[in-house]
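Just so you know, all these numbers are worked out from the coordinates, no wet-lab data involved. The structure presented is a predicted model; accordingly, all values stated were derived computationally and were not measured. Here the Cβ is made from the backbone with ideal geometry for all residues, glycine too, and neighbour counts use every protein chain on show.
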Amino acid sequence: MSQIRQIAAEMVAPGKGVLAADESIGTMDKRLEKAGVEPTEENRRAYRELLAGTPGLSEGASGIILSDETMRQSFADGTPFPDATRAVGVLPGIKVDTGAKPFPGLPGETITEGLDNLPARMAEYAEMGAAFAKWRAVITISSGPDGELPTDAAIRANAHALARYAAACQEAGVVPIVEPEVLMDGSHSLERCAEVTAAVHAAVFRELADLNVDPAGMILKPNMVIEGTEYGRESTPEQVAAAAVEVLKRNLPDDLAGVAFLSGGQSPERATANLAAMQAHETPWPLTFSFGRALVDPALKAWHGESSLVGAGQDALSERVRANAAAVRGEFQPA
């Protein structure tokens, strides 16, 4: 088994998921301000150390996704973040895209940037200790005077960028997390989300195959198939799980290393319940989690910048990681 296949298998090991702590500086500053914390470089560093240094984190998290800023920072004791996470059994990963930007010629849609000089950047990140990387594409569902979104052009372009990124990762010996996110924003039904998500997956895996990306050395990080936030009626976990698994089975190769769902703005409790319902379905690949907000928001609220409350923040993170690890193992009990 190649190195990237071994790492990918470790990332989706039974009962484990990936913690996403890779918010951009701008996004992280907004969240800190909302929690009453001054948005400084040191506070961003301290918050990421709170997360990565949580006791027992490796029991439910195989890896942690970091931003470029955090990757170059150190724990308070001087240990670089990649070394510190590896020391506690958590693989360090790196977000390498530079964000979704307005798509020229396609109003209302975005294209994720960051391909310039990516092979050289990947080589540097690998040298710094990154075991895996992440690239997020953003797909919007909407209906308006300019027509239905997403357009085929936006899907194709973002799929191609994801494939180029994945190929650059594997060339550098780094596992790519491929994240094509169909946003929850909007009034669309679960059925419409399923239709769009299936089309996106089909385009992504065509492009991955064209660029000879090894499925067994990568992880797909998709959205759950779920109704829009303005739809007006909430699907049950069983409905979400059945729709998601059906969509995945249409396009994913059997030798894919694994599927790590994003939470996409769901409440922590709903994301966990939906993940738990997935486990009732048989699939060729493990179904696990790579949550951001659904794991870290409770920790940020509990800590809110107080050094005396670091333990409270870590306890809040541990509670959510344990709940999702239990969901993946089929042991989750709703409160």
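General observations
- Förster radius 22 Å - calculated FRET efficiency between A202 and H281, Cβ distance, rounded to 0.05: 0.65
- With R₀ fixed at 35 Å, the C-beta to C-beta distance from A13 to E171 puts the FRET efficiency at about 0.90.
- Region 91-211: C-alpha gyration tensor shape, a/c 1.5 cut-off, then a/b vs b/c: prolate
- Helical content of the chain, expressed as a calculated mean residue ellipticity at 222 nm, amounts to -14000 deg cm²/dmol (DSSP H runs of 4 or more residues, -39,500 (n - 2.57) each, divided by residue number, nearest 500).
- For region 304-314, 3J(HN,Hα) computed residue by residue from phi via the Karplus equation (6.51, -1.76, 1.60; θ = phi - 60°) reads 5, x, 8, 4, 6, 10, 4, x, 5, x, 5 Hz, glycine and proline entered as x.
- Between M128, M11, M218, the Gaussian network model of the chain with springs among Cα atoms under 10 angstrom shows the greatest mean-square fluctuation at M128.
- Within region 226-262: backbone nitrogen closer than 14 Å to the T27 label point (7 Å, Cα to C-beta): 262
- Amide proton proximity set for A133, modelled H, under 5 Å, gap of 5+: I94, V175, I177
- Given in Å, the Rg to one decimal and the Dmax to the nearest whole number for the Cα atoms of the chain are 18.7, 56.
- Between S290 and V18, F261, L262, the built amide H atoms are under 5 Å apart, and every one of these is 5 or more places off in sequence or on another chain.
- In region 3-329, lysine pairs with alpha-carbon atoms under 16 angstrom apart (chain gap of 8 or more, or interchain): 7
- Separation of the A76 and E238 label points, Cα + 7 Å toward Cβ, nm: 4.9 nm
- Separation in nanometres of the label points that stand 7 Å from Cα toward Cβ, at A35 and E230: 3.0 nm
- Whole-Hz ³J(HN,Hα) from phi, Karplus 6.51 cos²θ - 1.76 cosθ + 1.60, for region 253-269, glycine and proline x: x, 5, 8, 4, 4, x, 10, 10, 5, 8, 8, x, x, 5, 5, x, 5
- With at most 15 other Cβ atoms within 10 Å, longest stretch of the chain clear of loop trypsin sites (Lys or Arg not before Pro) (DSSP): 73-232
- Here A153 and S267 are evaluated by their C-beta separation; at R0 = 35 Å the FRET efficiency comes out at 0.55.
- Cleavage-rule hits (GluC sites (Glu not before Pro)) in region 180-287: DSSP loop, at most 13 neighbouring Cβ within 10 angstrom: E230, E234, E282
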